[in-house]
1. With Thr105, Thr75, Thr114 as the choices, which residue is of a type in the set (S, T, N, Q) and touching a residue at least 40 places away in the same chain (Cβ under 8 Å)?
2. With respect to the numbered conditions (1) modelled with pLDDT of 95 or more; (2) of a type outside the set (Ser, Thr, Tyr); (3) surrounded by 18 or more Cβ atoms within 10 Å (Cβ to Cβ); (4) more than 12 Å from the chain's Cα centre (by Cα), which one is the sole condition not fulfilled by Val54?
3. When only residues in the stretch 105-127 that are of a type outside the set (A, V, I, L, M) and buried (at least 16 other Cβ atoms within 10 Å of the Cβ) count, which is nearest to Val65 (Cα to Cα)?
Amino acid sequence: MTLSVLGWLVLLGGCGALVAVTVSHAPKPRTLPVTEAPQDKAPGKDAPSEEPAVEEGNPAADVKVTKCVVDSLTTWPVADVEIVNHGDSKATYVVNVEFVDGSGTRLGEGLAATDSLAVGQKAKEQAQGLVKVPGKVTCRVSKVTRYLTN
């Protein structure tokens, strides 16, 4: 029994060391937040469906929301996103999507990601919210992180 417990502790310690080494050698992310659209609309009206303008070269320019719905079965929000690598090298993308109601109140957030997207290549991914939404929702990209890969 003691040897069994000792074996598990050694195994867990080895896994922890492997994770620590992997994390310490991970590339630093290049993160540029997306500028949010102005909130000059009256309460109760639908939030704007257009993404705010972003400058070229900004990772956020590579991402757009193509569909924003509430799943009829789970009542969770879902955003379809399209990612196109406009950079000069292969990249991995992590996209944060915010789900907001008609008054602009943030209801939740979801993530979409794609790995090793070649220059000029397009990917279609989904960001899934995990909060029940009572009605209509608007999806907007809140942050895009692009990791350059080889």
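The values are calculated or read from the model by the stated rules, or taken from the named source; none is laboratory data. Keep in mind that what you see is a predicted model, and the values were worked out from it rather than measured. Using ideal geometry, Cβ is built from the backbone for each residue, glycine included, and neighbour counts are taken over all protein chains shown.
1. When all the criteria are applied, what remains is Thr75.
2. (1)
3. Per the criteria, the residue is Glu125.
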